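Visitor: Before anything else, here's the structure in question.
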Amino acid sequence: MLACRIHAKEDLRIEPDTTPDVGPGEVRVRLGAGGICGSDLHYYYEGRNGSFVIREPLIPGHEASGVVLAIGPGVTRVAVGDKVAISPSHACGRCEYCRQGREHLCTSMKFLGSASLFPHVQGMFREHFVMGERQCYPVHADVSLGELAFAEPLAVALHAVNRGGDLLVKSVLITGAGTIGCLTVIAARLAGAARVTVTDVLDRPLAQAREVGADVTLRADRDAGMLANQPVDVAYEVSGNFNALKACIAAVKRGGVVVQVGTLPHEPLPFVVNELMVKELDLCGAFRWGIEFDWAVGYLATRRVDVRPLITSQFPLQDAIKAFALAKDKTQSTKVQVVCA
């Protein structure tokens with residue numbers, strides 16, 4: 001078996017891997033498709049993702065689907081041969097946040113492909129891996145493994161929209177038109193938003209946003225003044241850019257909501273709170289997802305959400321370095337995936 005490992009900044013290697021035996025309640029899965037996320041890019045190109053620093057070789061990958069190869073004793077949720085969407089989240093189930101139904105805030109979370117803990121929690125960019133049964137969501141519909149690998153990022157977008165409150169007939173601004181930005185467009189539409197405006201600094205992502213349902217697209221580097229003419233009810237900052245957050249705060253109506261979805265640079269940021277105060281804005285964060293993963297799998301399985309336009313390319317796992325290079329170039333790509341040959 002082969003695995004993709006990041007040893008340090010810009011040091012990615014395809015190396016032999018071993019697959020543990022399948023124990024009770026566990027499932028062996030062959031990788032179907034694994035999406036390269038912004039956090040994976042941070043780990044590869046910077047050696048860190050925010051405050052999570054690589055301290056040992058890390059197998060990235062938390063957006064994945066696969067096919068069940070074997071099941072351990074007691075497994076009833078899936079069968080050999082099933083296509084599965086895989087949840088990368090393994091909460092403890094015991095802390096106060098888990099007991100409150102907010103498992104994504106678990107104090108002992110083991111999130112696949114993350115350097116948040118040490119030893120790191122290894123991810124799914126490998127040919128075979130073993131998962132807990134409850135992390136595998138079987139899908140019998142005629143949808144591709146590439147589509148099912150969108151369950152995690154779609155869940156992020158659905159959770160972000162939930163954090164913004166009721167969107168029925170409301171106006172929305174989304175800053176950033178990458179994968180999460182485009183999926184947030186789709187999620188906002190599902191929630192009943194009447195008008196969706198998207199900003200970015202590149203033309204290709206904006207064209208992609210229009211394709212998935214944005215009403216208005218603007219270049220943040222030259223059309224930003226146009227936002228002042230049409231204030232919005234809710235804004236989602238998805239790009240992880242401080243200037244974009246300031247634009248969201250300026251664009252939202254009095255009494256509106258700003259949701260921070262993207263990861264901002266890991267450094268102190270100057271922040272003027274007066275506008276939050278005088279406009280009585282709600283500024284909140286959206287981190288990962290909860291029950292929204294289940295919803296995402298359902299939307300993908302029925303193609304009520306069609307993510308096929310967002311898949312730019314798929315590479316064999318052995319070509320992961322080429323895949324990461326394309327994924328980094330947002331003038332050429334939206335979602336790039338690695339697949340098991």
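The values are calculated or read from the model by the stated rules, or taken from the named source; none is laboratory data. Quantities reported herein were computed from a predicted structural model and do not represent experimental measurements. Neighbour counts run over all protein chains shown; Cβ positions are idealised from the backbone, glycine included. We work out accessible area using only protein heavy atoms, side chains counted, and drop any ligands, DNA or RNA first. Shrake-Rupley method; radii C 1.70, N 1.55, O 1.52, S 1.80 Å.
Visitor: Hey, can you grab everything whose amide H is under 5 Å from the amide H of E63? Only 5+ residues off in sequence or another chain; H modelled, so Pro and N-termini drop out.
Guide: G35
Visitor: Now, a different point. Charges only on Cβ, +1 for Lys and Arg, -1 for Asp and Glu: so what's the dipole of the chain about the Cα centre, in debye to the nearest 20? If you can, show how the numbers build up before the last one.
Guide: On the way: 35 positive and 36 negative charges, 62 e Å.
Computed about the Cα centre, the dipole is about 300 debye.
Visitor: Also, I was wondering about something else. Under 18 Å from the Cα of K246, which aspartates and glutamates turn up, not counting those fewer than eight places away in the same chain?
Guide: The qualifying aspartates and glutamates are D200, D221, D223, D233, E237, E267, E275, E280, D282.
Visitor: Please label the shape of the chain as rounded, prolate or oblate, based on the square roots a ≥ b ≥ c of the eigenvalues of the alpha-carbon gyration tensor (a/c under 1.5 means rounded; beyond that, a/b larger than b/c means prolate, else oblate).
Guide: Prolate, since a/c reaches 1.5 and a/b exceeds b/c.
Visitor: Around Y43, under 11 Å between beta carbons, what's the net of Lys plus Arg minus Asp minus Glu among the other residues?
Guide: It works out to a net charge of -1.
Visitor: For K322, list the lysines whose Cα falls under 30 Å from its own Cα; do not include residues on the same chain fewer than 8 positions away.
Guide: Within the straight-line cut-off, K322 pairs with K9, K83, K110, K330, K335.
Visitor: Another question, if that's okay. Given 0.36 nm per residue, what is the gain on full extension from E46 to V67 after removing their alpha carbon distance, in nm? If you can, show how the numbers build up before the last one.
Guide: Values: separation 21, 0.36 × 21 = 7.56 nm, distance 3.19 nm.
Taking 0.36 nm per residue and subtracting the Cα distance, the gain is 4.4 nm.
Visitor: Say each of R195 and D17 gets a label point 7 Å from the Cα, pointing the same way as Cα to Cβ; how far apart are those two points in nm?
Guide: 4.7 nm
Visitor: Tell me, what is the per residue accessible area of the chain in Å², probe radius 1.4 Å?
Guide: Numbers: 14700 Å² over 341 residues.
Ligands and nucleic acids excluded, the result is 43 Å² per residue.
Visitor: Using R₀ = 22 Å, calculate the FRET efficiency as 1/(1 + (r/R₀)^6) where r is the Cβ-Cβ separation of A207 and K253; round to 0.05.
Guide: Details: r = 28 Å, r/R0 = 1.26.
The calculated FRET efficiency here is 0.20.
Visitor: Moving to a separate point now. Let me check I've understood the local charge: for D319, count other residues with C-beta under 14 angstrom from its C-beta, Lys and Arg +1, Asp and Glu -1. What total comes out? It would help to have the intermediate numbers written out before the result.
Guide: Values: positive: R13, K322; negative: E127.
That sum, taken over residues with Cβ under 14 Å, equals +1.
Visitor: Can you give me the P(r) profile for the stretch 1-49? Cα pairs, bins 10 angstrom wide beginning at 0, each as a whole percent.
Guide: So the P(r) values, bin by bin, are 22, 40, 30, 8.
Visitor: Sticking with this structure for a sec: What is the gain in length, in nm to one decimal, between A8 and R99 on full extension, counting 0.36 nm per residue of separation less the C-alpha to C-alpha distance? Spell out each step's value before the answer.
Guide: Details: separation 91, 0.36 × 91 = 32.76 nm, distance 3.66 nm.
29.1 nm is the gain from fully extending A8 to R99.
Visitor: Moving to a separate point now. Which whole-number percentage describes the relative contact order of the chain, with Cα contacts under 8 Å and a sequence gap of 6 or more? Numbers along the way, then the final one.
Guide: Working: 821 pairs, mean separation 61.7, N = 341.
Worked out over the chain, it gives 18 percent.
Visitor: E280 to D221: FRET efficiency via 1/(1 + (r/R0)^6), r the Cβ-Cβ distance, R0 41 Å, to the nearest 0.05? Write out the running numbers ahead of the final one.
Guide: Details: r = 30 Å, r/R0 = 0.73.
The pair E280/D221 has a calculated efficiency of 0.85.
Visitor: Starting from the Cα of D166, move 7 Å in the Cα-to-Cβ direction to define the label point; list residues of the stretch 181-203 whose amide nitrogen is under 15 Å from there.
Guide: Counting backbone N atoms under 15 Å from the label point, the list is 191-194.
Visitor: Also, quick follow-up: Given a 1.4 angstrom probe, I'd like the percentage of the accessible area of the stretch 130-249 that is carbon and sulfur, rounded to a whole number.
Guide: On the way: 2190 of 4330 Å².
Answer for the stretch 130-249 is 51 percent, counting heavy atoms of protein chains only.
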